[in-house]
Amino acid sequence: MGDTTPIYGDDAGMNAAMEEARRARHGLRIELQRSGARSRLIAILLACAAMLQPSALFADMIPVRHTEGLIHGFLVVRTLEGKALADGQMTQDARSDRVTTHLIFRFKDGSIYEDTTKFSQRGTFRLLSDHLIRRGPSFKQPMDTLIDTSTGQVKVRYTDDRGKEKVIAQRMELPPDVANGLLLTLMKDIKPSVPRTTVSMVATTPKPRLVKLAILPQGEEPFTIGSFRHKAMRFVVKVEIGGVTGFLARLMEKQPADTHVWVLGGEAPAFVKAEGPFYVGGPIWRIQLASAGLF
């Protein structure tokens, strides 16, 4: 949810940082030759950012406070104005410490958003694999992404602007806190008393890169279901992009939009709703529980 500072803890990460610095210096020379005073300022700021070492934020493996089990839930996607866009359902099956979650949304315009996530819950939540498919007119770019944490393989199949299908296959050093497909599950186990929790995510645009998600509690908000009154904790999820790319995103006001998630606490935490983009640069949509029709 979709469809976000990488961690460089080895020589490969250092080499990547040096390569980014080299490219930035090359870009600086071009900018100085072709641009005016404003472009020169941007190029100088870019070079300064490239010379900085990427700072690794501490990641948090989320402890299993509530064991996941069987689930079959029904959801709906709406605009912030309330217009229904898609119907969805989520099923979950747990066998021993292995859990498989399948989430699918069928849009009224024929688009499909489908995410199959496998993870373990032995003490902490750990992603095993995630397969995300999004296609149709509701999405700017059709994409099929497969992540296998056991091998570090990330495969992205997408359609470019000319309608040609392309494939990116890349091996990445994936940290143990990668949370693709796991966000709504993790939110139920994050302690609201912790001011900041960070996890990693593989973002595809379509080239895969590692980013951080900062999860920040914002306080409780009341809501009702029929005659029952409850309070849900609202969390804001911020995408933090490292290196030159993140610097440029902030400079050019291209920083990905925040996602807001409401979670009912207590002995049996539950997802209430979420508002955020399904992909980078996408519109803000709301996911909430569906109400049963008459039968």
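The values are calculated or read from the model by the stated rules, or taken from the named source; none is laboratory data. Small disclaimer: the values here were computed from a predicted structure and weren't measured. Don't worry about glycine lacking a Cβ; one is built from the backbone with ideal geometry, like all the others, and counts go over all protein chains shown. Just so you know, the surface numbers come from the protein's heavy atoms only, side chains and all, with ligands and any DNA or RNA stripped out. Shrake-Rupley method; radii C 1.70, N 1.55, O 1.52, S 1.80 Å.
The one condition from (1) within 18 Å of the chain's Cα centre (by Cα); (2) at pLDDT below 90 that Pro283 does not meet is (2).
Can you work out which of the residues in segment 217-231 that are more than 27 Å from Gln255 (Cα to Cα) and in contact with a Lys or Arg (Cβ under 8 Å, 6 or more places away or on another chain) is most open to solvent (accessible area, probe 1.4 Å)? Let's see the steps before the verdict.
First pass over segment 217-231, keeping only residues more than 27 Å from Gln255 (Cα to Cα): 222-231.
If we keep only those that are in contact with a Lys or Arg (Cβ under 8 Å, 6 or more places away or on another chain) as well, we get 222-223.
Working: Pro222: 110, Phe223: 43 Å².
Among those that are more than 27 Å from Gln255 (Cα to Cα) and in contact with a Lys or Arg (Cβ under 8 Å, 6 or more places away or on another chain), it is Pro222.
Contact map, segment 101-112: residues that are of a type in the set (Phe, Trp, Tyr) paired with residues that are open to solvent by less than 30 Å² (accessible area, probe 1.4 Å) and not in a strand (DSSP E or B), Cβ distance under 7 Å, separation 6+ or inter-chain. Pairs shown: Phe107/Gly136; Phe107/Ser138.
With of a type outside the set (Gly, Ala, Ser), modelled with pLDDT of 95 or more and more than 30 Å from Glu267 (Cα to Cα) as the only criterion, which of Asp109, Asp189 stands out? Quick ask: steps written out before the conclusion?
Values: Asp189 fails: more than 30 Å from Glu267 (Cα to Cα).
Criteria check complete, one pass: Asp109.
Restricting segment 101-137 to residues that are buried (at least 21 other Cβ atoms within 10 Å of the Cβ) and charged (D, E, K, R) leaves a set whose member that is nearest to Asp177 (Cα to Cα) is Asp130. If the condition is being open to solvent by less than 70 Å² (accessible area, probe 1.4 Å) and either at pLDDT below 65 or hydroxyl-bearing (Ser, Thr, Tyr) (or both), then segment 248-268 contributes Leu248, Ala249, Leu251, Thr259.
Checking the condition of a type outside the set (Lys, Arg) and either more than 28 Å from Val64 (Cβ to Cβ) or open to solvent by 60 Å² or more (accessible area, probe 1.4 Å) (or both), which residue from Ala179, Ala203, Ala169, Ala214 passes? Every option except Ala169 fails the conditions.
Residues in segment 147-171 that are more than 20 Å from the chain's Cα centre (by Cα), under 14 Å from Thr205 (Cα atoms) and part of a strand (DSSP E or B): Thr159, Lys166, Val167.
Only one entry of Asp144, Asp109 meets the criterion of being more than 24 Å from Met187 (Cβ to Cβ), assigned to a strand (DSSP E or B) and not β-branched (Val, Ile, Thr), and that entry is Asp144.
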